[in-house]
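A.B. asks: A single structure is presented below for examination.
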């Protein structure tokens, strides 16, 4: 639930990047942080332990200015992908307003994508939220691997596996290259702020 | 599904603001078209079979495996372990290692690689989610070089041995880290803020190596010792034969 401060006319929106481990959630945030550093004017915070694995979460806050007389503050989070950190994932999901599901396009990650999406659905249910009713964008990441001759799932397959019932907006992307990273973020922010329409009016 | 559509003036206002902020990016955005012809549950298990081999991702760099590659299943299991450590996965992993050990029993280097797989597999199976965080990295590394040796027919024996030696060294280093962790404390969490790392939490110190850990390490050590001994024995025989 977005935090709305009527006195200050301020809205805080929480968006979580979810998906299987090593799928590129952190890379998405890192790209945004690096590419738009001047405009974001905030620092990305990463809480991790070993090497490159996110064991707790990443956090990137920024302001998008005034909309309908309210100052909108966006907070982007990632969750750790591995199953064993489900407690942390649930914790990060608390109070989520919008979600980006970052699927890994690699052939061999097909089952993990599906399991992770199912895990998201279940974790949302623990907060009495439905995956079908929350602002959601799917991102099919690592499309760049195809150029290297690495077998990847077609977007049709990913759509069938993950999005045939959800029918959420989806983007083929490469977080490493930055392709569609900003588009994914813009879409989820637009959807999430849009879902607050009644509260803002 | 209204939440999934940005509508009206608010949507336009937000989009316009976002374009101002992030406007020079992704101008040729092409969202994926939704194919709703086939209704599949997000949890549809029938769709969950990841049945094709893929070129390894960033942590592995060897060439693609062919469809009928004998190590395809092992590779899939290495990826599975990265996602979730379950008894089922670990049993499959160890069975696959065993199967491949039988297949490559006449190749000492491949056998050694598989022994390393087996040793670390048994450790992970014993510790599960409490396994050292570097365990998965080590499995990926051992697998990567195993695959490299296997699918590079032109690779010289020396090169193969170098790769194996490097993995054995990594294993020893890993073992040290496991001992250190179990003897002192779980790895503290760190906060990285714009590249600056700061320790923020330190879990309670352990009281020493648990029996379970010690047994697992002892087992791994024993296995590696056995294999090294056998390898040295073979090398001695070869040297002896050359001398004769």
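The values are calculated or read from the model by the stated rules, or taken from the named source; none is laboratory data. All of these numbers come straight from a predicted model, not from anything done at the bench. A quick note on method: Cβ atoms are made from the backbone with ideal geometry, for glycine too, and the neighbour counts reach across all protein chains shown.
A.B. asks: Take the residues in segment A:51-73 that are surrounded by 16 or more Cβ atoms within 10 Å (Cβ to Cβ), at the interface with another protein chain (Cβ under 9 Å from one of its Cβ atoms) and not in a strand (DSSP E or B); name whichever of them is modelled with the lowest pLDDT.
C.D. replies: A:53
A.B. asks: Name the residues in segment A:167-192 that are surrounded by 23 or more Cβ atoms within 10 Å (Cβ to Cβ), more than 7 Å from chain B (Cβ to nearest Cβ) and outside any helix (DSSP H, G or I), would you?
C.D. replies: Hits for segment A:167-192 are A:173, A:175.
A.B. asks: Now, a different point. Can you give me the number of residues within segment A:74-112 that are at the interface with another protein chain (Cβ under 9 Å from one of its Cβ atoms) and under 21 Å from residue A:140 (Cα atoms)?
C.D. replies: Selection size over segment A:74-112: 12.
A.B. asks: Now for a separate question. Going by the conditions given, is residue A:113 crowded, with 21+ Cβ neighbours inside 10 Å and modelled with pLDDT under 95?
C.D. replies: Yes: the conditions hold for residue A:113.
A.B. asks: Has segment B:140-150 got at least one residue that is surrounded by fewer than 16 Cβ atoms within 10 Å (Cβ to Cβ) and more than 19 Å from residue B:81 (Cβ to Cβ)?
C.D. replies: No, segment B:140-150 has no match at all.
A.B. asks: Being under 12 Å from residue A:67 (Cβ atoms) and either at pLDDT below 70 or more than 7 Å from chain A (Cβ to nearest Cβ) (or both) is the filter here; which residues of segment B:7-20 pass it?
C.D. replies: B:9, B:12, B:16, B:20
A.B. asks: Residue A:137 is checked against (1) crowded, with 24+ Cβ neighbours inside 10 Å; (2) in contact with a helix residue (DSSP H, G or I) (Cβ under 6 Å, 6 or more places away or on another chain); (3) outside any strand (DSSP E or B); (4) more than 8 Å from chain B (Cβ to nearest Cβ) and fails just one. What number does that condition carry?
C.D. replies: (3)
A.B. asks: Yes or no: segment A:147-165 includes at least one residue that is within 7 Å of another protein chain (Cβ to nearest Cβ) and over 22 Å from residue A:107 (Cβ atoms).
C.D. replies: Yes, that holds for at least one residue.
A.B. asks: Out of the residues in segment A:170-201 that are over 15 Å from residue A:35 (Cβ atoms) and out of contact with any strand residue (DSSP E or B) (no Cβ under 9 Å at 6 or more places or on another chain), state the one that is modelled with the highest pLDDT.
C.D. replies: Residue satisfying both the conditions and the ranking: A:190.
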